[in-house]
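First comes the structure, then the notes that go with it.
FYI, it's all coordinate maths here, none of it is from the lab. Quick caveat: nothing in here was measured; it's all calculated off a predicted structure. Ideal geometry is used to build each Cβ from the backbone, glycine not excepted, and the neighbour counts take in all protein chains shown.
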Amino acid sequence: MIALTVLVAGCVPRESPVAQPEITRTVDLSHVVREDVPYLPNEPHTQISRDADGTIRYLQIGARTGTLLRIIAAPGASPATVEQLSPRDLVLPAVVIDVRDRAQDQAGYRFSVDELGDWERRNGRVPKDALVLLVTGWDVRWGDPDAYLDLDSAGRSQAPAFGDEVATTLLEERGAMGLGIDAPGTPFMPASGYRLLLENLTNLEQLPPTGATVVVGALKIQAAQMSPARVIALIH
């Protein structure tokens with residue numbers, strides 16, 4: 001009886017391993033942190049001090065320097081600061097909307113609900129919990145801070161952005177987890193909970209409309225609403 005039991009147990013098939021999505025390539029969506037990157041008015045400038053051998057000894061960097069993550073939370077929502085985000089919150093499926101033909105050289109461009117409808121008719125509805133990335137081509141101006149910020153007489157940036165109505169549609173109706181853009185970001189306020197905003201991205205044109213996962217490596221700064229970030233896209 002014991003031998004039979006062992007034999008039967010040995011014949012039970014093993015479960016097949018769960019298939020993992022294949023990563024075909026990776027794309028770095030972050031700008032290099034340098035002392036001469038664009039800075040918004042009143043933002044502290046980066047200072048990098050090196051030893052004689054070139055080793056960095058001292059680094060001073062503002063929270064809004066370079067590619068960055070911002071967490072925007074409704075009053076009383078949690079998490080409300082960057083260090084409260086879990087690792088799961090920083091790994092998100094992405095949809096990518098390319099509007100370079102309209103936005104790259106058009107100061108004040110705002111992505112609209114009608115344009116979102118056109119994109120969804122071609123690519124399908126934006127899924128819940130996705131990170132929506134807007135490709136404007138504005139990142140080609142990064143080496144020219146004045147052109148990148150494109151400030152008007154009141155000090156407001158004329159860089160492309162999500163329009164207020166489409167931001168609400170994406171965050172509240174579609175249930176997107178966040179927005180990202182290759183330009184300075186425009187803040188929004190969710191009706192409830194929290195959302196993510198990625199600003200000053202680059203290389204977004206290398207991503208497909210769907211089928212990418214974005215990994216956000218933000219500094220775990222105590223009680224901070226924003227942080228410089230290294231952002232990587234994994235293409236499946």
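Calculate how many DSSP beta bridges within the stretch 25-235 are antiparallel, expressed in % of all such bridges and rounded to the nearest 5.
DSSP beta bridges in the stretch 25-235 are roughly 65 percent antiparallel.
Give me the extension gain from Arg57 to Val91: residue separation times 0.36 nm, minus the current Cα-Cα distance, reported in nm with one decimal.
In short, 9.1 nm is gained.
Starting from the 7 Å offset along Cα-to-Cβ, what nm value, one decimal, do you get for the label separation of Ser112 and Ile23?
3.9 nm
Given +1 on the Cβ of Lys and Arg, -1 on the Cβ of Asp and Glu, and no further charges, what dipole in debye does the stretch 25-235 carry about its Cα centre, rounded to the nearest 20?
It works out to roughly 640 debye.
Relative to the first principal axis of the alpha-carbon coordinates of the chain, what is the inclination of helix 113-123, with its axis defined by its Cα atoms, in degrees from 0 to 90 and to the nearest 10?
On a 0 to 90 degree scale, this one is about 40.
Counting only residues 5 or more places away or on other chains, whose amide H sits under 5 Å from the amide H of Phe162 once H atoms are built in the peptide plane?
Phe111, Thr186
Kindly put Arg110, Arg34, Arg141 in sequence by how many other C-beta atoms sit within 10 Å of each C-beta, fewest to most.
If I rank by nearby Cβ atoms, fewest first, I get Arg34, Arg110, Arg141.
Helix-derived [θ] at 222 nm for the chain: sum -39500 (n - 2.57) over DSSP H runs of at least 4, divide by residue count, nearest 500?
Value at 222 nm, helices only: -3500 deg cm²/dmol.
Order by neighbour count: Asp129, Asp182, fewest other Cβ atoms within 10 Å first, most last.
Going from sparsest to densest Cβ surroundings: Asp129, Asp182.
Once the principal axes of the Cα atoms of the chain are found, what is the range along each, listed largest first in whole angstroms?
That works out to 89, 55, 39 Å along the principal axes.
Give, in nm to one decimal, the length gained when the segment between Thr210 and Val33 is fully stretched (0.36 nm per residue of separation minus the Cα-Cα distance).
60.9 nm
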